[in-house]
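Below: one structure, written as structure tokens.
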Amino acid sequence: METQTLLRIDFNNMMAEAIGEHGITEEELASYLPMAKTAARAMVEKRPSMKWRELPHNQAEVVKQLNECAEYVRGNFDDFVVLGIGGSALGPIAVQQALNHLHYNDLPKEKRNGSRLFVEDNVDPERMNALLDVIDLERAAFNVITKSGSTSETMAQLLIVFDLLKERLGGDYASRIIATTDEHKGNLIKIAGEYNLKTFHVPDGVGGRFSELCPVGLLAAAVCGIDISALLKGAARMDEVCSEPDVYRNGAYMAALLQYISMKRGKNISVMMPYADSLKYMSDWYAQLWAESLGKRFDLSGKDVFVGQTPVKALGVTDQHSQVQLYVEGPFDKVVTFLGVDEYRSTYAIPRGFEHIPDVSFLGGHTLNELIKAEQEATEYALMRAGRPSFSITLPKVTPETIGALLYFFEVMTAFAGELLSINAFDQPGVEGGKQATYALLGKPGFDEKREELKNAPAKNPRYII
Ligand code: PA5
């Protein structure tokens, strides 16, 4: 299936014709087409509420401001540190890995397109200290990102950074901090106003995991010299493809439908396996998108459904030597998505040598490009022969346009899967539960009742602690 030169989807290995009893027959697929049609209609009707769908089209002015800000950061600071978590961190990490040098931060300054980038998406104290060991606070700018403006992890990081900068720089310290948050709601917008922080907004109706293509992801990308207009252009082109109601012409819809049918058949694990280091963290970003959007207890009518597919991150070829054994011979509970590229951005020739050992010398004269592609083909083949469903998404090349397209593709695929499952793909009550418990444990005002509830949790049985 062609998604017009941006991505190519091949779902042969999902079909019974290729993999036998664990595959989907043409008739079975056809029986789901009316349902897919209804879901496609719902996608059109609900589009006005899915504000993330407009991001490729409505940000010309924001892009200008982001590029100006990025130029200022690049010109004045060696390091750019993102403070954020979940949807406020995984996109920036994935895009940076995809589009910049694989050892970007280690390159000498003159070989980099911008400041070094650190995305701090945890509150491990060792990590905070480690960060402070490698950045020069006096030459660093910080981007605190939180849509809700209240996430404990991010606010704790902000408190630390405020304190450090104040102590080190005095006076103008707040000018080092850029806030990205909701325009009206939350604590960060209040702090931003009070301290006159440079601020970008997460548009209304754009949830964390759907926010990479707004200032959440675009500022860090621009600071690192990535062409954010091209990212958005690729997403806009993908929007055209993804607006096609016919699943046979809309790869995102088809991929969602195949996953949906697979879930119905007990394939509750979705493995994302890129064969490119540049796409390695796309799996992390996808894992959040897929898990948090589709892992739901209730359907839209309030009925218990307990649905979702557990995402697993793998990397080709690395994980051929750790996980593929399980994929080929373990339980029939997975769908593997291969992410490949037609043309890698560099070529590396394998020199000839060891001619007296033919088992090694056969590699000489090939390229690493041929080797990695052969390994992807071989793994797809092995899974097919073992009757395991998989499909592949291929980028002609990793560029800002194809990455913008890929992000948008996965977002539409997820939203469409939500429609098929008849759940709300855009909330996350399960995450909220954990956030509330943390607030209570750390004494946030207004959480006394929750604190009581936690105190009264059943005591641990020492018999089960060794
Ligand atoms: O997708 C989501 O909504 C979440 O994963 C959030 O991105 C995450 O919890 C961080 O929230 P916030 O940006 O409000 O700090």
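The values are calculated or read from the model by the stated rules, or taken from the named source; none is laboratory data. The model shown is predicted, which means the values in this text are computed figures rather than measured ones. Don't worry about glycine lacking a Cβ; one is built from the backbone with ideal geometry, like all the others, and counts go over all protein chains shown.
What to note about this one:
- Elements of type strands (runs of 3 or more DSSP E) in the stretch 238-307, at least 1 residues being within 15 Å of the chain's Cα centre (by Cα): 269-274
Rundown of residues vs (1) charged (D, E, K, R); (2) closer than 30 Å to Thr318 by Cβ; (3) touching a helix residue (DSSP H, G or I) at 6+ places or on another chain (Cβ under 7 Å); (4) not assigned by TED's automatic domain parsing to the domain that holds Met35, yes/no style:
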{"residue": "Glu380", "(1), (2), (3), (4)": "yes, yes, yes, no"}
{"residue": "Leu383", "(1), (2), (3), (4)": "no, yes, yes, no"}
{"residue": "Val412", "(1), (2), (3), (4)": "no, yes, yes, no"}
{"residue": "Gly430", "(1), (2), (3), (4)": "no, no, no, yes"}
{"residue": "Ala440", "(1), (2), (3), (4)": "no, no, yes, yes"}
{"residue": "Lys450", "(1), (2), (3), (4)": "yes, no, yes, yes"}
{"residue": "Arg463", "(1), (2), (3), (4)": "yes, no, no, yes"}
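- Filter pass, Ile393 being touching a Ser or Thr at 6+ places or on another chain (Cβ under 9 Å) and assigned by TED's automatic domain parsing to the domain that holds Val312: yes
- For the stretch 411-435, the candidate set comprises residues that are surrounded by fewer than 22 Cβ atoms within 10 Å (Cβ to Cβ) and not in a loop (DSSP other than H, G, I, E, B); within that set, the residue that is nearest to the ligand (Cβ to nearest atom) is Val431.
- Taking the stretch 3-100 and the helices (runs of 4 or more DSSP H) fully enclosed by it, the elements with 1 or more residues that are away from the ligand (no atom under 16 Å from the Cβ) and over 19 Å from the mean Cα position of the chain (by Cα) are at 16-19, 26-31, 33-46, 60-76.
- Residues of the stretch 67-92 classified as surrounded by 23 or more Cβ atoms within 10 Å (Cβ to Cβ) and under 30 Å from Val431 (Cα atoms), total: 11
- In the stretch 34-57, the residues that are within 15 Å of Gly205 (Cα to Cα) and modelled with pLDDT of 95 or more reach residues that are crowded, with 17+ Cβ neighbours inside 10 Å and among the basic types (Lys, Arg) with C-beta atoms within less than 6 angstrom, at least six apart or across chains, in these pairs: Arg47/Arg53.
- Of all residues making up the stretch 159-181, the number that are under 22 Å from Val63 (Cα atoms) and surrounded by 18 or more Cβ atoms within 10 Å (Cβ to Cβ): 6
- Hits in the stretch 339-383 - residues which are part of a strand (DSSP E or B) and either under 25 Å from the mean Cα position of the chain (by Cα) or loosely packed, with under 11 Cβ neighbours inside 10 Å (or both): Leu339, Gly340, Val341, Asp342, Glu343
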